Structure formats: C-alpha cells, structure tokens
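J.: The structure under discussion is supplied below as structure tokens; questions concerning it will follow.
The values are calculated or read from the model by the stated rules, or taken from the named source; none is laboratory data. These numbers were taken from a predicted model, which means no experiment stands behind them. Here the Cβ is made from the backbone with ideal geometry for all residues, glycine too, and neighbour counts use every protein chain on show.
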Ligand SMILES: [Zn+2]
C-alpha cells in the first residue's frame, strides 16, 4: 500500500504506521492547537478515544494507516506520536488516573519506556522511598525505523524507607522480585509497577509499615522480550509483528544461563560476570576474562547477576513468570530443585500456604465474574482454571525440568556465588501468547490481583518469619548442603557448578568479621543431629 505521511508524523510513527498489517490500529497520541479538534478525530471512529486539555489539548486513540491519513487533515492536529502502553497520556507526563492505572482502565500492556518514565515520575514524588537505576544493557534488537542496533538498559527499582541512606539500606533485609524474565509473561511487570505505586500512595498499609525493616527490589529482567511488542523490532523473526518474546535479543531463553548446583547445559551460554578466574577483577562491571561469546550473547544475564550480588542479606527471592493458555492452575509456586533442611522446607511450606490463601480468594472473585458474564452474554471471554493455587518442584507441577534457572542461582549460598536466599518462582495462567498478546483488561486485572497477592504475602511472610524468629538472619543462617553432583563426572556438553574456587565480593566482604544478628532457635532437624 502507498506510504502514508504527513509533516505532523514523527519518524517512529511514520515507520510504525507504514510497516504494520493494514488492519493493525496503531496506538496514537495526537496533540492539538485547540480542543475543537477532538470532534473531528472522534468522527473517524478510532477505538478507545481518550482526550485531555491538561497539560495541553491531546487525544489518544488507535488509528489504521487509512484513519491516520484522514486524521492528519484535521487543521488543528499538530503532532502524531506512537504511544503504546497502559496510560494514554504518559508521553505528556500526565497521569490523571495514576501513573499505572488499573488494568480495567488501561489502554494496553505497560510499555517499556512508559514504565521507566512512570517510575521516574513516582521517584520524583517519593524520593525518600523509591530509587530506580539501570545497570548494564540487554543484547538488544535491530531497530528497523532507525536502522540502528538498540540495546536496552536493565531497570531496577528499590522500595524502602530512607532509600537514599545507603548505610541504612545495607542493614535492611532484602526481598528481591525478578519480573517478566520471560518477555511474553507480562503479569510480573503488570502487577509489579502497580504494586509499587500502590505502596507509595498509601494503599498497602501493611507493606508500608515494613519499609523501615525491609527493602524490596524489583528487577525488570528482560527488556528485549518486552520491546519486541513494538513494530519497529522483529518478533520471532518477523518484522512488524507485535508479539512479546519469551527470550532475549540473541534468541536465548532468559532462564537458562544462571549458575546452579550440579551441572548446567553449556549450549545455553551459562554466564558468570566474574569470568574465568571467578574473582571480581572489575568491581563495577563485567570482567574482561568473561569469554567474548558469552559477553556478546547474554549480557542481560551477566548484568543481573553482577547487580544482584551487590545486595547483602537477601532473605527471599521470587521470580514471577507466566504459563500457557490452557493451564488448569491459576498460580503455581515452584520451589527450588535443591536440598532443604527441615527448617527451610517448613519455611517454604508456610510461604506457599499464605500466598495460596489470598490467590484462592482472587480466583473465587474471578470465577464469580466469569460466571456472571457467561449468564448475561452467553460466554466467558476468559477461562477460569480449575485449581486456584498449587505448589511443588517444576517436576511435580509442570512435569519437566532443566538447568540454569535464576531462582536456583538465587538460592545458592553466597560463598558459592549465589544470594543465599529462600527462592522460588511463581507461574501465572493465561499468559505467554494468550490471544496473540491482545490486551484483555479483565484477564490482566485478575492476573494483577493474583500477583499483587504474591508480593504482599511474600513480604508479610518474611516479616512474620523474623518476628517469630523461625529463620536465622544473615551470618547465622543454616548453611545449604553442598550439591551432591560430582564435579568430576559431567555429562557431555555439561559444566559443573559451582566450581570449588567460586567466591563473591559479597561473601568476602561479609566474611567472618560481620557481626552476628540476633538469632533464633532452629526449628526441626539440624544437619548432623
Ligand atoms: Zn517463564
């Protein structure tokens, strides 16, 4: 079809409009010299028209190329910008319904740039409690609009009282949430950014009351699989397609690179930012002795490990995923494939039990809404899984296994290169490529509520655990048993982790000089008794 163009289109908008299928309506922000232009735009019949006169006359709508050609003729229309995302006016820094509106009021999935900008806005309003930063960049993608390779900063968000007092921050116990590590599993981010905003706005008082003692760290783990939603990047090798991708820019599965106990499959580019000698030669970045093939292929995994090792005292670690369309369980808790002592196993059991209670309540609400919809319109537009919540290993729940998973690295003891956290991941139903990534507000809203329950209950569980003294803190934590896999007998194509000399700055920094924190009586069996 003939290219559609106008001096009012910016380069990105021009590209997106002309390189998407004819029926694809492009999320568009139009600015006007006066609000009288809204009526002419409305007459074009684009979906989800939203208008504002603050901070200037502007309208959000979705336009096909043919619609945009007509809209460009409106005399008062001044500029057209590609504007994907949840909040129609984020490009104007205007947030009438909150920075991240509830899914049922949103115009789409939260966009990568929208998220960075929205969190920065919240940070400017709450600098004492929210700190965001980026560290490292992803592999990235070719940008067909600019004909340049784009690599994307990996974003981290810290929520804590007096978050800029780094000495106080270091003293707090950390809870780390890695979210949407698989780029087509959006629920972690959709719930995470909204949860951060809700805490800052006083809508999560129980969580807010814990900000003195704890710090919550959110890792936006896969920018590459997020950005492929935009037509200027390929999705699964198809230019112009608008699908989120599971993996990252080099095509690697993003949950296979991390050092685990036992052996790891070399074909997945197992990544270690400390390089061949396993010593941190470069305190601020990826070491020079990291093999070039690893550095170039999976920089995202390297930077995530490098950055998270800077956090001392990570008590709990939750990695939030999604599962396929036909899942019969709403949320799974997937525990680590690891050896547990009795105390840790009971801790994991309690953690899952408290999460399961609230997820079950959300599933009941969702079921009621779906049934009501079915009785009024004859069908439910979104399924309801039979089971609200279940937990076990990935073998118990999903029936497969693998190597190099982030959660199992997080649970490795610090002296073996991990975080020494109690770790697991969560799986959310109706994710991945559900309905071709079409944004279904009701379904996403149910997912947000369920993962909000995971954040909330994980935090409350950590606090309860400390209060009752069931889990030892930092220096007094019961050591995790060493892996039983023999380093001397790796399979073909396998490497052994952790190697004997594996060590981290964090572990060395802590060393024997760290003062012990108040301990607690051990519940259950101690190893060797
Ligand atoms: Zn996943």
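J.: Report the residue count in region 92-120 for those that are within 15 Å of residue 447 (Cβ to Cβ) and part of a helix (DSSP H, G or I).
T.: So the count comes out to 2.
J.: Inside region 67-90, can you point out the residues that are touching a residue at least 60 places away in the same chain (Cβ under 8 Å) and closer than 17 Å to residue 24 by Cβ?
T.: 68, 69, 80, 81, 82, 84
J.: A further question on this structure: Confirm whether residue 326 is within 16 Å of the ligand (Cβ to nearest atom) and modelled with pLDDT under 95.
T.: Yes, satisfied.
J.: Next up: Quick one: is residue 316 in the same structural domain as residue 383 (by TED's automatic domain parsing), under 30 Å from residue 385 (Cβ atoms) and modelled with pLDDT of 95 or more?
T.: When the stated conditions are applied, residue 316 passes them.
J.: A follow-up question, please. Out of the residues in region 30-53 meeting the condition of being exposed (fewer than 13 other Cβ atoms within 10 Å of the Cβ) and within 16 Å of residue 79 (Cα to Cα), tell me which one is nearest to the chain's Cα centre (by Cα).
T.: Per the stated criteria, the residue is 53.
J.: Name the residues in region 233-242 that are touching a residue at least 24 places away in the same chain (Cβ under 8 Å) and either surrounded by fewer than 22 Cβ atoms within 10 Å (Cβ to Cβ) or within 16 Å of the ligand (Cβ to nearest atom) (or both), would you?
T.: If the condition is that a residue be touching a residue at least 24 places away in the same chain (Cβ under 8 Å) and either surrounded by fewer than 22 Cβ atoms within 10 Å (Cβ to Cβ) or within 16 Å of the ligand (Cβ to nearest atom) (or both), then 234, 239, 240, 242 are the ones that fit.
J.: Let me ask another. Going residue by residue through region 349-358, is there one that turns out to be more than 16 Å from the ligand (Cβ to nearest atom) and without any contact (Cβ under 8 Å) to a residue 24 or more places away in the chain?
T.: Yes, the conditions are met somewhere in region 349-358.
J.: Taking the conditions exactly as written (in contact (Cβ under 8 Å) with a residue 60 or more places away in the chain, touching a helix residue (DSSP H, G or I) at 6+ places or on another chain (Cβ under 7 Å) and either part of a loop (DSSP other than H, G, I, E, B) or not assigned by TED's automatic domain parsing to the domain that holds residue 119 (or both)), does residue 49 satisfy them or not?
T.: It is false that residue 49 is in contact (Cβ under 8 Å) with a residue 60 or more places away in the chain, touching a helix residue (DSSP H, G or I) at 6+ places or on another chain (Cβ under 7 Å) and either part of a loop (DSSP other than H, G, I, E, B) or not assigned by TED's automatic domain parsing to the domain that holds residue 119 (or both).
J.: Another question, if that's okay. Taking region 58-80 on its own, how many of its residues are in contact with a helix residue (DSSP H, G or I) (Cβ under 7 Å, 6 or more places away or on another chain) and crowded, with 18+ Cβ neighbours inside 10 Å?
T.: Residues in region 58-80 being in contact with a helix residue (DSSP H, G or I) (Cβ under 7 Å, 6 or more places away or on another chain) and crowded, with 18+ Cβ neighbours inside 10 Å: 10 in total.
J.: Follow-up question, since we're still on this one. Say whether the condition of being within 16 Å of the ligand (Cβ to nearest atom), surrounded by fewer than 22 Cβ atoms within 10 Å (Cβ to Cβ), outside any strand (DSSP E or B) and without any contact (Cβ under 8 Å) to a residue 40 or more places away in the chain is met by at least one residue in region 243-251.
T.: Looking through region 243-251, at least one residue is within 16 Å of the ligand (Cβ to nearest atom), surrounded by fewer than 22 Cβ atoms within 10 Å (Cβ to Cβ), outside any strand (DSSP E or B) and without any contact (Cβ under 8 Å) to a residue 40 or more places away in the chain.
J.: Here's a follow-up. Which residues, taken from region 127-148, are in a loop (DSSP other than H, G, I, E, B) and either under 27 Å from residue 16 (Cα atoms) or within 16 Å of the chain's Cα centre (by Cα) (or both)?
T.: The answer is 138, 139, 140, 144, 145, 146, 147.
J.: Which residues, counting only those in region 151-183, are in a loop (DSSP other than H, G, I, E, B) and more than 21 Å from residue 410 (Cβ to Cβ)?
T.: 151, 152, 161, 162, 163, 164, 165
J.: Tell me the residue from 21, 27 that is under 32 Å from the mean Cα position of the chain (by Cα) and more than 18 Å from residue 88 (Cβ to Cβ), please.
T.: Result: 21 is the single residue among 21, 27 that is under 32 Å from the mean Cα position of the chain (by Cα) and more than 18 Å from residue 88 (Cβ to Cβ).
J.: For region 442-465, enumerate the residues that are surrounded by fewer than 24 Cβ atoms within 10 Å (Cβ to Cβ) and either more than 30 Å from residue 211 (Cβ to Cβ) or within 16 Å of the ligand (Cβ to nearest atom) (or both).
T.: Correct list: 442, 443.
J.: Now a separate question. Does residue 144 satisfy the condition of being away from the ligand (no atom under 16 Å from the Cβ) and over 26 Å from residue 442 (Cβ atoms)?
T.: Here the answer is yes, as residue 144 does meet what is asked.
J.: Just one of 177, 195, 218 is more than 15 Å from the ligand (Cβ to nearest atom), under 8 Å from the mean Cα position of the chain (by Cα) and in contact (Cβ under 8 Å) with a residue 40 or more places away in the chain; which is it?
T.: Going through 177, 195, 218 in turn, just one is more than 15 Å from the ligand (Cβ to nearest atom), under 8 Å from the mean Cα position of the chain (by Cα) and in contact (Cβ under 8 Å) with a residue 40 or more places away in the chain: 218.
J.: State all residues of region 282-308 that are in contact with a helix residue (DSSP H, G or I) (Cβ under 8 Å, 6 or more places away or on another chain), in a loop (DSSP other than H, G, I, E, B) and crowded, with 20+ Cβ neighbours inside 10 Å; if no residue qualifies, say none.
T.: Across region 282-308, the qualifying residues are 286, 290.
J.: Any idea which residue in region 422-443 is nearest to residue 457 (Cα to Cα), counting only those that are in a loop (DSSP other than H, G, I, E, B) and more than 18 Å from the chain's Cα centre (by Cα)?
T.: Result: 440.
J.: Tally time: how many residues in region 201-232 are in a helix (DSSP H, G or I) and buried (at least 19 other Cβ atoms within 10 Å of the Cβ)?
T.: Result for region 201-232: 6.
J.: Does region 132-148 contain at least one residue that is farther than 30 Å from residue 238 by Cβ and surrounded by fewer than 16 Cβ atoms within 10 Å (Cβ to Cβ)?
T.: yes
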